[in-house]
Structures are given as structure tokens and as C-alpha cells.
Amino acid sequence: MPNSKTRIVIIGGGAAGLGLARKLARNKDHIVTLVDRNRTHFWKPLLHEVAAGALDPNLEEVGYGGHAARWGYRFYQGELDRIDRTAQTITTRPLLDDEGEVILDAQTLDYDYLVLAFGGVSNDFGTPGVREHALFLEHRAQADEFRKKLLNECLRVNDRRQRGETDATVDIAIVGGGATGVELSAELEQSARALRSYGLTNFDADALRLHLIEAGPRLLPALDEKLVQKVSDELTDLGVQLHTGTRVTEVLKDGVDTADDGFIPASMVLWAAGVRGEPDVPSLSDLELSNLDKFVTEPTLQSVTDPKIFAIGDCAHCVLPGEQRPVPPRAQSAHQMADHVARAITALESGKPAPQFEYKDHGSLVSLSHFATVGSLMGNLVGGRLAIEGRVARLAYQSLYRMHILQVHGPFRGTVQIITSFFSRAFKPRLKLH
Ligand SMILES: Cc1cc2nc3c(=O)[nH]c(=O)nc-3n(C[C@H](O)[C@H](O)[C@H](O)COP(=O)(O)OP(=O)(O)OC[C@H]3O[C@@H](n4cnc5c(N)ncnc54)[C@H](O)[C@@H]3O)c2cc1C
């Protein structure tokens, strides 16, 4: 007997995919399968806090298995290997343990609709040495690695200072003056200030030397010039050395070479310069890709090559009618695209055409740790674009993550989770140093 239920496979349980799985699974005529290479979900915009030791990631992680059982979809751990559009199947790679032994063989899953939501990676622009020497903030393991290296460096420098080398410093270069680079810089300054009270008694304010390097003429291109000036002043006051209009030409073991400012020494280099598709994307399918290896979609978010396949979030390249640039790779875009695809699949199931996606830019906010939050809100409610800062900006900034929690856990569980997380954070030590 033919299966009358609609089989929907979602690849990637991130900002876009996880909430979508919950939403689609509410319809009992759907069989939803979420595939992710990891067992747990962690919301990316919090990674800079994990990297700086300001947040214990275990408090905010969501296990896919438990989430799937609660909301009635299937979870399969695996990494996408191939999309067969003719057979309407996807195949995953064998799942290996840390020793390279097979845990699960390759798996083939049938779909009626496929949603690609597997994000992207940092764009290295082909710069030599980036993959060999730089650190990244693309997932939790990398944020953990950064934090461990950071702590080791701080302990080393504290010890050197104790032995009389009073000018010893931890030198860090952050490449990319977007939200990730800016927020991480402020978070690291905040953590460095707290280290003294965690037993690193020689780690004075000048022990951390932070270089924030941006190839463009200014930081944060999405923000108004006035707000950017505020952010730049705040970072400079904190002691961050800003290098705008400075292109990194090579990353070396002990620092970065630049076209404009010469060699900048650094024992840690973090690369956070834009988003592109994963390197293996071209080998996954014959779907049309942009020059950054993202899936090119119609304004409905369906692939231009195949209407049964949607692409959302950072892996999608969607230029809406009347726009010059694609929808930006941001958490708010990912959420809106997920909501749209849930509606589009329902429309297609009832024989209607998929509606066009409308992106609503709600503004951009940047948090400078506990020092400041600035940004702008957009929309009819605030009468166009409204620059905000201080407590209001902080609340608006936090609301983005709260919306994600509500989308992932539903209104009741989501609210409980927000309250629990608030108290857990309040009673935990300020820094996670392990
Ligand atoms: C440090 C940092 C700070 C940020 N701050 C902000 C912010 O303040 N505001 C904002 O709007 N945006 C911010 N962003 C951007 C935002 O996080 C992304 O735009 C958003 O997470 C994209 O959602 P996504 O679902 O497309 O991808 P992701 O959230 O990256 O999820 C992708 C998922 O796919 C899985 N996956 C990847 N490849 C495969 C594969 N081959 N097979 C199976 N599964 C796979 C991954 O494990 C992951 O779970 C920030 C990003 C970073 C890194």
C-alpha cells in the first residue's frame, strides 16, 4: 500500500532546522526525519561566550534524541554524503567514532521534500595558512578548543610574570570585524579582567593584547556609522587594537602577515571573516550553487534546480525580487526561513503553489559583553530604523535567543527553559575555566 504520509527530511538541526523539525512534526500526516552530524544542538550566536569562558555550554545544549522523542520526529546522526534527485533519496556517510571505527553504516533515506539547513563555514578567501594555523568558531567543539588554548596561554603568561617577566602578554589576533569578531573581543576583555579573582594574580589588565583586524574600511558593515563609532570607541577604551582597512595575506604559526600593517604577532589567531558553503558542497549534488557554494533558491526558497528541495539559513543563496543582495546569513533570517518552509510545504501538499518568502529585517544588535549593547531596531512598530543602546538594547539582544528557545521547545517548555537557564547562570561561577 502506498504511504499516504509526506516524508520530509531536514539536513542540519541548527538555528533553522531544529525549530522547523518541531513545527513540521506537529502534523500527523508528516514523517519528519532530522539528520545532523552531531548529537546535540548548540545555538551558534552564543559560541563567542563559550570561547571566552563566559558561558557553560552544557547549560544550553539540546540533545536531538530527546527532542525528537518529545516532538514526534525521527533523528538520525550522520553527515550528508549525496543527494539523488531522481530516486528522491539522500545518503549519509558512515558514522565513525574517535578511533575511526564505524558506529553506523551509511544510511539512505527517502524523501518527498528535502530541506537543506546545514549552515556554512568561515570564508578563508583562499588565504594561505588559515586552515593550518587559525582557530574557528563554527561549532561547540571549536569554541571549547579556543577556551582551553586561551586558558593555557593565560596560565603560561601568569607564570612568566610571576617569575619576573612583567611584560609577558597573551597576544590574540581576531580576523573579521563583523559581529563575531567584535563580540568575542569584548567578551575576552571581560574574561581577562575576571582572571585575577580566579587565582591568576599576576594577570593584570595589560596581560591580554587583542588585535581585531578587518579588511573593510570599518567594523560592522550592517550598522549605522554612528553606532559603529560607538562600538569602536568602546573597544579602544577596553584596550582592543583595531586594524581596519587591513587585509591579512597569510596566517603563520606565530601571527599574521598583513598587506597594510606588516606582521602582527599572535599566539592565537581566530578567523571569523564571512560565511560560505562547506568545501564538500559541490560534490553532494547537481543543484545550482552560488560562487560561495550556497544553494541558489527561488524566492520561494525552493532550489532553482529542483522544487522538491528547499534551502534555508546560511547554506541558502536567495535574492528576493527588487533586492541586489541575498538574504543575509543571520539567525533571524534562519528562523524566518524555517517558518516560511513550514508554510510552503503545507501549501504544496494542498495543491497550491509555494508562497514567496518575505524577509523582515528586525535590525542588528551587538553585545560588548557586560560593557555595552548597541544596535538598531527596524520595523513599523518603531517607525523605521531606531538606534538603541543600554538596557533596552540588551533586552532586545537577549530576545533573539529567547525566540529561538520558544521555537525549539514550544511556549510552555520554552518559558521553563528560559527561567531555568536564568537561575543556572546566576548561580554558576562567572568563568568556565576547564
Ligand atoms: C560566534 C557567532 C555569533 C553569531 N552572532 C549572531 C547574532 O548575534 N545575530 C545573528 O542574527 N546571527 C549571528 N550569527 C549567525 C547565526 O548563528 C547563523 O546565521 C545561524 O546559526 C544560521 O543557521 P543555520 O541553521 O543555517 O546553520 P547552523 O545554525 O550553523 O546549523 C547548521 C547545522 O547543520 C549541521 N551540519 C552541518 N553540516 C552538516 C552535514 N554535512 N550533514 C549533517 N549535518 C550538518 C551542524 O551540525 C548544525 O547543527 C553568529 C554566528 C556565530 C558563529
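The values are calculated or read from the model by the stated rules, or taken from the named source; none is laboratory data. Keep in mind the model is a prediction, meaning the values are calculated, not measured. Backbone-built Cβ (ideal geometry, glycine too); neighbour counts: all protein chains shown. We work out accessible area using only protein heavy atoms, side chains counted, and drop any ligands, DNA or RNA first. Shrake-Rupley method; radii C 1.70, N 1.55, O 1.52, S 1.80 Å.
Is it true that Leu135 is within 16 Å of the ligand (Cβ to nearest atom), at pLDDT 95 or above and either hydrophobic (A, V, I, L, M, F, W, C) or surrounded by fewer than 16 Cβ atoms within 10 Å (Cβ to Cβ) (or both)? Yes: the conditions hold for Leu135.
Anything in segment 302-351 that is under 16 Å from Leu287 (Cα atoms), more than 19 Å from the chain's Cα centre (by Cα) and either at pLDDT below 95 or of a type in the set (Gly, Ala, Ser) (or both)? List them, or say none. The one that is under 16 Å from Leu287 (Cα atoms), more than 19 Å from the chain's Cα centre (by Cα) and either at pLDDT below 95 or of a type in the set (Gly, Ala, Ser) (or both): Ser303. Can you find a residue that is closer than 22 Å to Val341 by Cα, without any contact (Cβ under 8 Å) to a residue 12 or more places away in the chain and either out of contact with any helix residue (DSSP H, G or I) (no Cβ under 9 Å at 6 or more places or on another chain) or open to solvent by less than 20 Å² (accessible area, probe 1.4 Å) (or both) anywhere in segment 74-84? The answer is yes, given that some residue of segment 74-84 is closer than 22 Å to Val341 by Cα, without any contact (Cβ under 8 Å) to a residue 12 or more places away in the chain and either out of contact with any helix residue (DSSP H, G or I) (no Cβ under 9 Å at 6 or more places or on another chain) or open to solvent by less than 20 Å² (accessible area, probe 1.4 Å) (or both). Which pairs turn up if I take residues in segment 320-344 that are free of Cβ contacts under 8 Å to residues at least 40 places away in the same chain and within 14 Å of the ligand (Cβ to nearest atom) and look for partners that are basic (Lys, Arg) and open to solvent by 10 Å² or more (accessible area, probe 1.4 Å) with beta carbon separation below 8 Å, at least 6 apart in sequence or on another chain? Final answer for the pair search is Pro326/Lys294; Gln336/Lys360. Of all residues in segment 93-110, none are of a type in the set (Ser, Thr, Tyr), at pLDDT 95 or above and closer than 16 Å to Gly13 by Cα. The residues of segment 278-319 that are out of contact with any helix residue (DSSP H, G or I) (no Cβ under 8 Å at 6 or more places or on another chain) and among the aliphatic types (A, V, I, L, M), listed by number, are Leu284, Leu287, Leu292, Val296, Val304, Ile309, Ala311, Val319. Being within 11 Å of the ligand (Cβ to nearest atom), free of Cβ contacts under 8 Å to residues at least 40 places away in the same chain, part of a loop (DSSP other than H, G, I, E, B) and assigned by TED's automatic domain parsing to the domain that holds His317 is a condition met by no residue of segment 100-119.
Filtering Ala15, Ala51 for residues that are small (Gly, Ala, Ser), open to solvent by 10 Å² or more (accessible area, probe 1.4 Å), within 30 Å of Ala194 (Cβ to Cβ) and touching a Lys or Arg at 6+ places or on another chain (Cβ under 7 Å) leaves a single hit, Ala15. The residue that is nearest to Gly119 (Cα to Cα), counting only those in segment 243-278 that are within 16 Å of the ligand (Cβ to nearest atom) and β-branched (Val, Ile, Thr), is Val275. Listed by position, the strands (runs of 3 or more DSSP E) inside segment 201-292 whose residues that are open to solvent by 20 Å² or more (accessible area, probe 1.4 Å) and touching a His at 6+ places or on another chain (Cβ under 9 Å) number at least 3 are 241-244.
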